[in-house]
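Before any comments, here is the structure.
Rule-based calculations on the coordinates, nothing more; no lab input. On a predicted model such as this, the values are computed, not experimentally measured, just so you know. For neighbour counting, all protein chains shown are included, and Cβ atoms are generated from backbone atoms with ideal geometry for every residue, glycine included.
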Amino acid sequence: MSDFETILTDADQGVATITINRPKALNALNLQVLTDITDAATAFDADDDIKAIIITGSDKAFAAGADIKEMSDLDFSTAFKADWFAGWTRLTDVRKPVITAVNGFALGGGCELAMMGDILVASTKAKFGQPEINLGVLPGMGGSQRLTRAIGKAKSMDMCLTGRMMGAEEAERSGLVARIVEPEELLSTANEIAATIASKSRIASAMVKEAVNTAFETTLEQGLRYERRLFHSTLATNDQSEGMAAFVEKRDANFTDS
Ligand code: CO8
């Protein structure tokens, strides 16, 4: 993959890793980071050798928010016409599972980016927050919506109205975080999760992602029907035949993503 200005990329055994790399600005998300992450994620999504993507930051910060210095002179008409931040939908359009691995600060846009993934793994030192209220604005990359769906109205209001930070344990207890690990185990845990996903059928994992995300966008009845139809369609795949044959024959499945 070509060189990027603000991220590092790596790909190994079906797992791609995107590491945000703006240490001097605590990985603040300027437009270049948005372009780099979404370009890399889109390219990995199209790469047949990749089955899962990890997005991570540094020990001190996953990302300390959208870049305040870049935004400080932004005016309404420019932001509105350019639909500022809409470019992040290129990341949520990625069909392969995305794991966000958070060490240190995940604030504002950083917390919002962490929530754009499918599985959020945090170190015991992670700190989440939506401190935009302190700047006289509000979340702009999905925080008021995804945080509310993740942790409910009471805690989301608390976070967004006071701007306070939430530690990893509270975040896990509240449903924002899937797993907490020691900082030195963060990347290995993210890689283990990604490798486990990479060992499955890519068709089935993409369907799981679509089905779970559908739970947030439809009624229960529509979601249940959608899941059922997806299930029916797996019966047309080689991976379903192989997965069930392997179970019956007491051997590991050899999925071919077909
Ligand atoms: N943007 C730009 N630069 C940043 C950011 C940021 N979000 N966060 C940190 N930095 C820079 C600092 O300015 C500093 O740079 P310099 O050395 O040149 O002064 C460097 O990173 C190190 O930061 P600190 O010295 O502040 O480090 P500390 O360890 O003392 O503090 C904190 C760490 C607590 C994380 C602190 O840096 C902080 O509070 N950062 C800002 C957090 C924040 O408010 N994030 C939300 C940003 S707004 C947003 O994400 C969505 C806005 C949506 C608006 C919609 C508009 C269209």
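Hey, what does the equivalent ellipsoid look like for segment 142-195, semi-axes from the Cα gyration tensor as sqrt of 5 times each eigenvalue, largest first, whole Å? Before the final figure, lay out the partial values.
Details: eigenvalues 126, 29, 15 Å².
Value: 25, 12, 9 Å, ordered largest first.
Taking the Kirkwood radius as the inverse of the mean 1/r across Cα pairs, report the Rg/Rh of segment 201-249.
Result for segment 201-249 is an Rg/Rh of 1.06.
Pull up the DSSP beta bridges for segment 7-198 and report the antiparallel fraction as a percent, rounded to 5.
Roughly 30 percent of the beta bridges in segment 7-198 run antiparallel, per DSSP.
K127's amide H: which non-local residues (gap 5+, or another chain) put their own amide H closer than 5 Å, with H modeled 1.01 Å from N in plane and none for Pro or chain starts?
Long-range HN contacts for K127: G104, F105, A106.
Kindly provide log₁₀ I(q)/I(0) values, in the same order as q = 0.07, 0.12, 0.15, 0.17 Å⁻¹, from the Debye equation applied to equal alpha-carbon scatterers of the chain.
Here the Debye-derived log intensity ratios amount to -0.26, -0.74, -1.11, -1.36.
So what J values fall out for segment 229-242 if you push phi through Karplus, 6.51 cos²θ - 1.76 cosθ + 1.60 with θ = phi - 60°, rounded to Hz, Gly and Pro as x?
5, 4, 4, 4, 5, 5, 5, 9, 9, 5, 5, 5, 4, 5
Roughly how tilted is helix 153-162, in degrees to the nearest 10 and between 0 and 90, from the longest Cα axis of the chain?
30
Sort V33, V94 so the one with the fewest other Cβ atoms within 10 Å of its own Cβ comes first. It would help to have the intermediate numbers written out before the result.
Numbers: V33 25, V94 20.
Placing the least packed residue first, the sequence is V94, V33.
Across bins of 10 angstrom width beginning at 0, how are the C-alpha pair distances of segment 110-227 distributed, in whole percent?
13, 37, 34, 15, 1
List the lysines whose alpha-carbon lies under 24 Å from that of K250, not counting same-chain residues fewer than 8 positions away?
K200
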